[in-house]
Amino acid sequence: EIFSSMAKVKDVLELVQDYDVKVEFFDNYIRAQEQYLEYLSQILEVAENIDQLLSKDLSPEHPAVAFRYFHDMNVIHRLKNKVDVFLDEERNNMQFDSKELRDFVAELPTEEDLNGTALGITRLKATYKINVSDIANGVIANRPSRPLTLPEILDMIQYTYINFVEILSFGGCICTHEYKHLLSSLMLLDPKVDDPSNTNCISLTRTPGCQYHREEFALDRIFETFYKLCRNEAVKPIAAVAPYLSQQRHLVCKYVHNNHPYIILQPVKIEYLNENRPTVAILHDVVSRRERTDLRLHALDFLKRATVTTKKGQVPSPNKISQTMLVKNAIVNKYFPRFRQRLVGVTKLASGSFESIQVGNYGLGGGYNIHLDLLFPGVKHNFTDTTNNRLTTMVTYLTDVENGGATVFPDLGLRVRPQKGSALMFFNLFRNGTSNNFTKHASCPVLYGDKWIANQWVLRNGQEFAYKCDLSNEW
Ligand SMILES: O=C(O)CCC(=O)C(=O)O
Ligand SMILES: [Fe+2]
């Protein structure tokens, strides 16, 4: 699968570009074949000439006739010599290695990629309210390209339609927001289809699996909020967090070094976006250019699409259109020690419970639906739990994203634009170890650009001294 990682899309385009040499080869091969056939048909023509002479029973005893025979046969000779020289010179162009072609084609995007791209575009359409006519004209995020051709449009319609039918007949969990994407695909087919939020199709689609999510997150409302935030429309925090907002008048930006040897000479600028319940902050310029490049290069060959288990077996996760890989702690310590040390220095968290780094690259229209980062989402924690959940998330941005791809917190009404080198940090757990569900967050689909992140999660166990726990559900 290629479409779910922009880096791989770029890779395949490079491959095709490299294959220009091969394209030139095919070109030469075809031209050589044409030339060869041309010689053969000339030989045939002369041979037919001789045949005609023979059929007219013209005797070679006639000198003029003999001359013509000899002349024509000589032409054949000359042509044959030409063919020999030609075959000699064009040997390379006459040999066709179909294995090479097969290997090349095996690297190219498949139908699944085309399908994923069509769905990605409808996702962008739903999230960013893009006009159907803009899509048809090849304009996305005010960026012109060439208009789609009729076969391209027909393909897009076909794939979005297939997706629609497939998901309708799919036995697993289908949630309202997925229908919105699909219904907006139908809007692509027919712009007159009503706004998806007004359609009663949605009630047809509730499944027991969805109900669970529905209770947990009240999906309908929250997805509206999610999309609004993605479009950079103003969103108020939900009432449950409002009481804490009055405390936030003094939100600050400050430089921190914590007297920590790793950052004392290069303090980190922290910008608080939400001070409490949960604390959300941006750590500016914590990942160097070199680290950003090296992490991406290191990850590229290992990226894999996340899957989920369904009745149909393992299928790509519909909620996460990206590819990820883990950089094990041993590798982090060896090759990326300063990345880790700077995060330890600024957070004062014990480095022993830092998880392996997860590097991620989003694909075409790729994003990550609303979720909690907890390893054990449904579980209520207390200090007697043996489970060890994720206390802190740090999403470091390895690239800027030209348009879209923001990280949003629907309950908090917060939107964070990826800024290369900075890290978005938040605490997933309250002081008593229970999950703080206000931290649910999502990555908006990438509208234009190549979004790379590196996630650093820090586990709760081992932080007893660094992060004081108590019985409250304060942060
Ligand atoms: O890519 C983002 O902005 C957020 C990523 C995220 O939430 C995750 O990987 O858990
Ligand atoms: Fe997350």
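Couplings 3J(HN,Hα) for segment 107-119, derived from phi with the Karplus relation 6.51 cos²θ - 1.76 cosθ + 1.60 (θ = phi - 60°), are 7, 7, x, 9, 4, 4, 5, 5, 4, x, 5, 4, 5 Hz, where x marks Gly and Pro.
Amide hydrogen proximity for N455: with H placed 1.01 Å from N in the peptide plane, the residues at 5 or more positions away or on another chain lying under 5 Å are Q358, V359, G360, T396. What separates the Cα centres of segment 1-45 and segment 79-118 is a distance of 5 Å.
Using the Cα centre of segment 240-459 as the reference point, and only Cβ charges (+1 on K/R, -1 on D/E), how large is the resulting charge dipole? Debye, rounded to the nearest 20.
The calculation lands at about 180 debye.
Applied to segment 225-234, the Karplus parametrisation 6.51 cos²θ - 1.76 cosθ + 1.60 on θ = phi - 60° returns per-residue 3J(HN,Hα) values of 5, 4, 5, 4, 4, 4, 7, 6, 8, 5 Hz, with x for Gly and Pro. The 3J(HN,Hα) values that the Karplus relation (6.51, -1.76, 1.60; θ = phi - 60°) gives for segment 85-94 are, in residue order, 4, 4, 4, 5, 6, 9, 3, 4, 7, 8 Hz. Gly and Pro appear as x. Residues whose amide H comes within less than 5 Å of that of N274, counting only those at least five positions distant or on another chain, are V280 (H built at 1.01 Å from N in the peptide plane).
What shape does segment 240-459 take by its C-alpha gyration tensor, where a ≥ b ≥ c are the square roots of the eigenvalues and a/c under 1.5 counts as rounded, a/b above b/c as prolate, and the rest as oblate?
Verdict is rounded for segment 240-459.
When peptides 90-97, 123-130 are ranked by their average number of other Cβ atoms within 10 Å per residue, the highest-first order is 123-130, 90-97. Inter-label distance, L53 to Q95: 3.9 nm, where each label sits 7 Å from its Cα along the C-beta direction. Taking the Cβ of G449 as the center, what net charge do the other residues with Cβ under 12 Å away carry, scoring Lys and Arg +1 and Asp and Glu -1? For residues surrounding G449, the net value is +2. For L375, the residues 5 or more places off, or on other chains, whose built amide H falls under 5 Å of its own are R390. FRET efficiency for S133 and E233, Cβ-Cβ distance as r, R0 = 30 Å, nearest 0.05? According to the calculation, E is roughly 0.85. When the Cα positions of F104, L15, M73 are compared along the charge dipole of segment 1-116, M73 comes out farthest toward the positive end, with charges on each C-beta of Lys, Arg, Asp and Glu. Set the Förster distance to 56 Å, then compute FRET efficiency between K254 and E111 from the Cβ-Cβ distance, nearest 0.05. Step by step, r from the Cβ atoms, then E = 0.60.
The calculated FRET efficiency for the pair Q17 and S356, based on their C-beta separation and a Förster distance of 35 Å, comes to about 0.55.
Solvent-accessible surface of segment 240-459, averaged per residue with a 1.4 angstrom probe and all protein chains in place: 42 square angstrom. One decimal place: the segment R338-R78 gains 86.1 nm when fully extended, by the rule 0.36 nm per residue minus the C-alpha distance.
The values are calculated or read from the model by the stated rules, or taken from the named source; none is laboratory data. Everything numeric here is computed off the predicted structure, so don't read it as measured data. Heads up, the Cβs are rebuilt from the backbone with ideal geometry, glycines too, and the neighbour counts pull from every protein chain shown. The accessibility values were calculated without ligands, DNA or RNA, using every heavy atom of the protein model including side chains. Shrake-Rupley method; radii C 1.70, N 1.55, O 1.52, S 1.80 Å.
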